[in-house]
Amino acid sequence: MRRFTALVAVVLIASACNNSQLGRGVPACPVDPEVITSFTGTMLLQMQAVDTAEYVPCLNDLKAGWSYVDLVPDRGKSRFWLDSDRIGSHFLEVTLTASCDVGSATRVAGSHDVDEYRDVELVGSSVTIAIVPVTGREADYARFIEGELEARQINDRNVFVVFDTGDDPLAEKVAEAARRDRPIIVVDERDALDDNRTATLKMPDEDEAVRGLKLDDLFDRLEDLLPEPSFVGTWYRVFQGGCITYEFDAEGTGVDRLAGDVEDALGLFPAEAVRQAMRSAGMLG
């Protein structure tokens, strides 16, 4: 059983929170979860909005460039948001409710009294592109394209090239690239002629390849078709009397680390245990 000390009426106002570096009014997690001496008015508003919830969301820390957006409490629900100067305004919405529908989200490891589910799609900050010279005679030209690709970013994504000179049939190489969700560039002898300098591009989600693309047109097509880095989807934390939903809509560099950053930044405040302590002290009916 956790120990809760000095729970007095000062909690009814925006008291000096345990993680004071986050600023006044932020629902900050306690520095020591075993000893809670005070909490903010925003924490109390969440506890009142969903008075059955064993936990309410709190903040351990904010990454550089992140900011907290005010809590909006309502009967049976409370919400707040996080902004970022790199991955977008309101890149994360945190909602507390009494229950939720996790749908087809995948269950992941949680704690003994919290079930966690995730349904997210990550487009990382790098992209791998396969290049296939049809015969060995196009190798120099294919290497030239490789160098051009790796020297640039496409939609803020670093480019890595897989150079495929294996003996498998071309159709199998194209199919393998599609299975790995990789664009594939095919170069034959005609493409390599000085007067042409072209290539064939096959995107993994397109049925037909586009042949005879000039290199500038090929690079433009990749820019048009490859998505920017993004992290979109939903996490759920389900527990006795409540559910916290984390809605992600992040875009830009840094999304690869976002899952870990959010895990570090957001915690759980033991609301029901605090209510019980307050009842014992005669502060709640």
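The values are calculated or read from the model by the stated rules, or taken from the named source; none is laboratory data. The structure displayed is predicted, hence computed values, not measured ones. Heads up, the Cβs are rebuilt from the backbone with ideal geometry, glycines too, and the neighbour counts pull from every protein chain shown.
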**OP:** For segment 116-168, enumerate the residues that are over 14 Å from residue 183 (Cβ atoms), surrounded by 14 or more Cβ atoms within 10 Å (Cβ to Cβ), of a type in the set (Gly, Ala, Ser) and in contact with a Lys or Arg (Cβ under 9 Å, 6 or more places away or on another chain).
**Re:** 125
**OP:** Determine whether residue 223 is at pLDDT 95 or above, in a helix (DSSP H, G or I) and either in contact with a helix residue (DSSP H, G or I) (Cβ under 6 Å, 6 or more places away or on another chain) or under 22 Å from residue 128 (Cα atoms) (or both).
**Re:** yes
Original post:
What pairs can you find where one residue is in segment 52-70 and farther than 18 Å from residue 32 by Cα and assigned by TED's automatic domain parsing to the domain that holds residue 261, the other is outside any loop (DSSP other than H, G, I, E, B) and of a type in the set (S, T, N, Q), and their Cβ atoms are less than 9 Å apart, with a gap of 6+ or different chains?
Top reply: 53/46; 53/97; 63/84; 65/84; 66/84; 67/84; 69/89; 70/42
Original post:
Where in segment 74-151 are there strands (runs of 3 or more DSSP E), lying wholly inside it, with at least 2 residues that are over 27 Å from the mean Cα position of the chain (by Cα) and of a type in the set (S, T, N, Q)?
Top reply: none
Subject >> Members of segment 40-54 found to be touching a helix residue (DSSP H, G or I) at 6+ places or on another chain (Cβ under 6 Å) and of a type outside the set (A, V, I, L, M), listed by number >> reply: 54
**OP:** Working carefully through the options 189, 247, find the one that is assigned by TED's automatic domain parsing to the domain that holds residue 133, surrounded by fewer than 19 Cβ atoms within 10 Å (Cβ to Cβ) and either within 21 Å of residue 165 (Cβ to Cβ) or at pLDDT 95 or above (or both).
**Re:** 189
**OP:** Report, by residue number, each residue of segment 63-101 that is surrounded by fewer than 19 Cβ atoms within 10 Å (Cβ to Cβ), among the aliphatic types (A, V, I, L, M) and more than 18 Å from residue 41 (Cα to Cα).
**Re:** 64, 98
Subject >> Of the criteria (1) under 29 Å from residue 253 (Cα atoms); (2) surrounded by 15 or more Cβ atoms within 10 Å (Cβ to Cβ), which one residue 205 fails >> reply: (2)
**OP:** Within segment 131-166, count every residue that is within 14 Å of residue 187 (Cα to Cα), polar (S, T, N, Q) and either out of contact with any Gly (no Cβ under 9 Å at 6 or more places or on another chain) or not assigned by TED's automatic domain parsing to the domain that holds residue 215 (or both).
**Re:** 1
